[in-house]
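Asks: Shown below is the structure under consideration.
The values are calculated or read from the model by the stated rules, or taken from the named source; none is laboratory data. Because the structure is a prediction, the values reported are computed rather than measured. Heads up, the Cβs are rebuilt from the backbone with ideal geometry, glycines too, and the neighbour counts pull from every protein chain shown. Areas reflect the complete protein model, heavy atoms only, side chains present, ligands, DNA and RNA absent. Shrake-Rupley method; radii C 1.70, N 1.55, O 1.52, S 1.80 Å.
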Amino acid sequence: MQARAAELYEKYENLYDLLVSIIQVSEQRVISEEPDDLFSDNVNFFVKSYMINICSYLEAYIQDLAFEYAKVVNERVRNAKIPHNFIYWKVAKEVKDKDLEFKEANYPADKKEISESVSANPYKTIKLYRLLGVDLTSEASFNANKELVNSVVIKRNNIVHHNDSAMDVSFSDLIINIEAFKKYMEAIKCAVVHATNST
């Protein structure tokens with residue numbers, strides 16, 4: 001899991017780094033001696049677009065990593081060869097004969113199932129990973145960056161759902177936010193790797 005988690009982190013880190021390059025070029029087109037009218041007349045549009053991308057990348061990363069970890073957890077369940085009926089009996093409020101099966105426990109997750117719980121909102125992310133048995137709040141860097149991530153996500157949601165402006169956000173702010181998002185993603189990766197190694 002450690003190698004797969006590192007691979008996913010690198011994939012999204014590279015997407016963020018590419019986005020930073022695009023933002024820097026956009027900023028240069030606005031502040032140059034002869035500004036590009038397309039960019040200088042539409043700064044708010046570009047800032048909003050980049051903010052939406054920042055959050056979309058995070059959501060995709062959260063989903064991909066959760067899906068990979070769910071596969072690891074289910075593989076462990078399958079390797080343990082635990083009878084389905086035993087787990088069903090221990091977790092069901094009411095045991096129904098029609099749900100009893102003489103087979104080994106197997107609980108594969110699909111991406112759709114996970115995507116329904118995915119959000120860039122840190123508190124929803126904490127809840128999703130808690131269901132997987134991963135305590136994100138055990139990582140100092142997650143806690144240090146979650147409020148900034150939350151504020152960006154709220155701003156993005158207001159842009160998407162209410163067409164709010166982003167006049168108070170600069171290109172430089174976006175780059176600072178991306179650096180925080182990368183630290184936050186790395187903290188999620190570390191929590192997943194720790195959970196993998198500790199069980």
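Asks: Taking a quarter of the surface of the Cα convex hull of the range 1-94, what do you get in nm²? Mind dumping the intermediate values first?
Replies: Working: hull surface 37.6 nm².
For the range 1-94, averaging the hull's shadow over all directions gives 9.4 nm².
Asks: If I take all pairs of Cα atoms in the range 55-126, what percentage of them are more than 20 Å from each other? Show your work: numbers first, answer last.
Replies: On the way: 1188 of 2556 pairs.
The calculated P(r) of the range 55-126 puts 46 percent of pairs beyond 20 Å.
Asks: Quick one: plug the Kirkwood hydrodynamic radius of the range 81-199 (C-alpha pairs) into Stokes-Einstein at 20 °C, 1.002 mPa s, and report D in µm²/s. Before the final figure, lay out the partial values.
Replies: Working: Rh = 17.3 Å.
Translational D for this selection: 124 µm²/s.
Asks: Which residues' amide hydrogens lie under 5 Å from the amide hydrogen of GLU104, considering only partners 5 or more residues apart or on another chain, with H built in the peptide plane?
Replies: The answer is HIS84.
Asks: To continue, here is another question. So what's the projected area for the range 99-151, the Cα convex hull averaged over all directions, in nm²?
Replies: Values: hull surface 20.4 nm².
Mean orientational projected area (the range 99-151, Cα hull): 5.1 nm².
Asks: Just to be sure I understand: with springs between alpha-carbon atoms less than 10 Å apart, which residue in ALA109, ALA92, ALA144 has the highest mean-square fluctuation in the Gaussian network model of the chain?
Replies: Of ALA109, ALA92, ALA144, the most mobile in the Gaussian network model is ALA92.
Asks: Rolling a 1.4 Å sphere over the protein heavy atoms, what is the accessible area per residue of the chain, to the nearest Å²? Kindly include the intermediate steps, with their values, before the conclusion.
Replies: Working: 11480 Å² over 199 residues.
Counting only protein heavy atoms, the per-residue value for the chain is 58 Å².
Asks: Further, regarding this structure: Heavy-atom accessible area of LYS96 with all protein chains present, probe 1.4 Å, nearest 10 Å²?
Replies: 90 Å²
Asks: Subtract the Cα-Cα distance of ASP99 and THR137 from 0.36 nm times their separation in residues, and report this length gain in nm to one decimal. Mind dumping the intermediate values first?
Replies: Numbers: separation 38, 0.36 × 38 = 13.68 nm, distance 3.60 nm.
Between ASP99 and THR137, full extension yields 10.1 nm more.
Asks: Next question, about the same structure. So what is the relative contact order of the range 83-199, in percent, for Cα pairs below 8 Å that sit 6 or more residues apart? Before the final figure, lay out each step's value.
Replies: Working: 83 pairs, mean separation 28.0, N = 117.
Relative contact order here is 24 percent.
Asks: Can you give the Rg/Rh ratio of the range 28-77, where Rg is from the C-alpha atoms and Rh is the Kirkwood radius? Please report the intermediate quantities before stating the final value.
Replies: Values: Rg = 19.6 Å, Rh = 13.8 Å.
We get a ratio of 1.42 for the range 28-77.
Asks: Using DSSP to call loops (not H, G, I, E or B), can you name the GluC sites (Glu not before Pro) in the range 1-75 whose Cβ has at most 10 other Cβ atoms within 10 angstrom? Display every interim value, and only then the final one.
Replies: Numbers: sites: GLU7, GLU10, GLU13, GLU27, GLU33, GLU59, GLU68, GLU75; in loops: GLU33.
Here the sparse-neighbourhood loop sites are GLU33.
Asks: Towards the positive end of the charge dipole of the range 14-136, with charges on Cβ (+1 Lys, Arg; -1 Asp, Glu), say which of ILE23, ASN85, VAL72 has the farthest Cα.
Replies: After comparing all options, I get ASN85.
Asks: A further question on this structure: Once you list every other residue whose beta carbon is under 10 Å from the beta carbon of ALA120, what net charge do they have if Lys and Arg are +1 and Asp and Glu are -1?
Replies: Details: positive: LYS124, ARG156; negative: GLU59.
Result for the neighbourhood of ALA120: +1.
Asks: Based on the inverse mean of 1/r over its pairs of different Cα atoms, what is the Kirkwood hydrodynamic radius of the range 70-111, in Å?
Replies: Numbers: mean 1/r = 0.0911 Å⁻¹.
Result for the range 70-111 stands at 11.0 Å.
Asks: Residue by residue through the range 125-134, what is 3J(HN,Hα) from phi via Karplus (6.51 cos²θ - 1.76 cosθ + 1.60, θ = phi - 60°)? Round to whole Hz and write x for glycine and proline.
Replies: Going residue by residue, I get 5, 4, 5, 4, 6, 4, 4, 8, x, 10 Hz, with x marking Gly and Pro.
Asks: Just how much of THR137 is accessible, in Å², when a 1.4 Å probe is used and the result is rounded to the nearest 10?
Replies: Accessible surface of THR137 is approximately 50 Å².
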